[in-house]
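The values are calculated or read from the model by the stated rules, or taken from the named source; none is laboratory data. Just so we're clear, the structure is a prediction, and the values are computed from it rather than from any experiment. Methodologically, a virtual Cβ is constructed for each residue, glycine included, from the backbone with ideal geometry; neighbour enumeration extends over all protein chains shown.
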Amino acid sequence: MLLKKDRRFAFQGRIVLLSDPGEDMVEIMVALAKLQGGSVCNYFPKINAQQAISDLEGQGLSVVEHDHLRGTKACLDASLKTLETFALPEDISITVIDETTSPQFVSEVVEMSEKCGVMSVPGWVMRGTGPKGVFFVAQNSAGEPVACAGSFMCHPKNSSHAQDAFWGMLATRSDRRGQGLACLLGAKAIIHMWEVHNARGFITGVSADNLSSKALCKKMGLSNSDWQYLSCIDHTIFGGDAITK
Ligand SMILES: CC(C)(COP(=O)(O)OP(=O)(O)OC[C@H]1O[C@@H](n2cnc3c(N)ncnc32)[C@H](O)[C@@H]1OP(=O)(O)O)[C@@H](O)C(=O)NCCC(=O)NCCS
């Protein structure tokens with residue numbers, strides 16, 4: 001709440017993160033990690049990353065380097081193409097999580113994401129009552145969630161990244177992978193954000209060895225950038241979890 005209008009910070013539903021590094025980056029990251037258990041710095045110049053990582057580690061944080069992917073109009077084009085060509089498996093229906101969704105279903109979505117190793121956003125964010133955004137879920141005929149994806153506007157209006165939306169939280173239950181569900185839900189999220197929330201950029205952080213996710217991002221028009229997405233964890237607070245894959 002305190003940082004909501006500060007153009008240096010962002011909130012993508014999981015944690016408050018730093019989007020405008022500056023010379024006090026380490027100090028801020030340590031403070032955010034102490035409060036939240038973890039912190040992320042977006043848009044950190046790759047060229048300076050090694051020094052920053054050792055400084056953060058020197059402060060007791062465990063740093064996970066993620067590639068910082070971003071796309072603009074190419075994401076919309078790829079998404080429209082996906083919707084044009086995709087044939088939905090017969091037993092699948094797509095739903096948006098909103099205020100009418102049952103708490104039980106939201107919990108099932110969180111559980112499914114976590115089984116895929118992806119930290120979900122809280123229910124109130126998923127429902128769209130926090131940051132502007134959308135969260136899509138694919139359900140099978142038994143009503144079980146089998147895939148999900150979301151996107152949220154994350155910067156205040158006065159930020160130089162104001163029109164960049166965080167996109168991701170993609171997870172597909174292992175028995176339903178390879179059927180195009182992540183692509184479809186990811187595409188729907190991009191189109192929604194472009195048309196409804198005026199997003200013109202899409203950002204995400206992906207671990208360098210997560211080849212399936214990187215291939216998916218590439219297909220959806222996001223590509224590697226000159227930035228690093230620095231993810232820090234204070235394991236004394238956060239346990240062994242990671243913020244993203
Ligand atoms: C990444 C993940 C969401 C993909 O889900 P999915 O529903 O199987 O993906 P799709 O079927 O829509 O595949 C879309 C594209 O992603 C890429 N892709 C998906 N799985 C892949 C794999 N195992 N190897 C390489 N590329 C892969 C391909 O480009 C594919 O397009 P193509 O089939 O036309 O080649 C799923 O593997 C998952 O839940 N992984 C664990 C969680 C995770 O890493 N999430 C991403 C967090 S950033």
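Assorted remarks:
- Failed item, numbered, when Val134 is tested on (1) within 16 Å of the ligand (Cβ to nearest atom); (2) within 14 Å of the chain's Cα centre (by Cα); (3) in a strand (DSSP E or B): (1)
- Test: residue in segment 132-145 that is out of contact with any helix residue (DSSP H, G or I) (no Cβ under 7 Å at 6 or more places or on another chain), closer than 21 Å to Ala199 by Cα and charged (D, E, K, R): no
- Members of segment 169-185 that are out of contact with any Phe, Trp or Tyr (no Cβ under 8 Å at 6 or more places or on another chain) and among the hydrophobic types (A, V, I, L, M, F, W, C): Leu170, Ala171, Leu181, Ala182
- Verdict on Val106 being within 29 Å of Leu230 (Cα to Cα), modelled with pLDDT under 95 and aliphatic (A, V, I, L, M): no
- In segment 202-224, the residues that are of a type outside the set (Gly, Ala, Ser), in contact with a Lys or Arg (Cβ under 9 Å, 6 or more places away or on another chain) and either near the ligand (Cβ under 8 Å from one of its atoms) or in a helix (DSSP H, G or I) (or both): Thr204, Val206, Asn210
- Qualifying positions in segment 173-187 - surrounded by fewer than 24 Cβ atoms within 10 Å (Cβ to Cβ), in contact (Cβ under 8 Å) with a residue 40 or more places away in the chain and near the ligand (Cβ under 6 Å from one of its atoms): Gln179, Gly180, Cys183
- Residue among Ala199, Ala165 that alone is buried (at least 17 other Cβ atoms within 10 Å of the Cβ), away from the ligand (no atom under 13 Å from the Cβ), in a strand (DSSP E or B) and in contact (Cβ under 8 Å) with a residue 12 or more places away in the chain: Ala165
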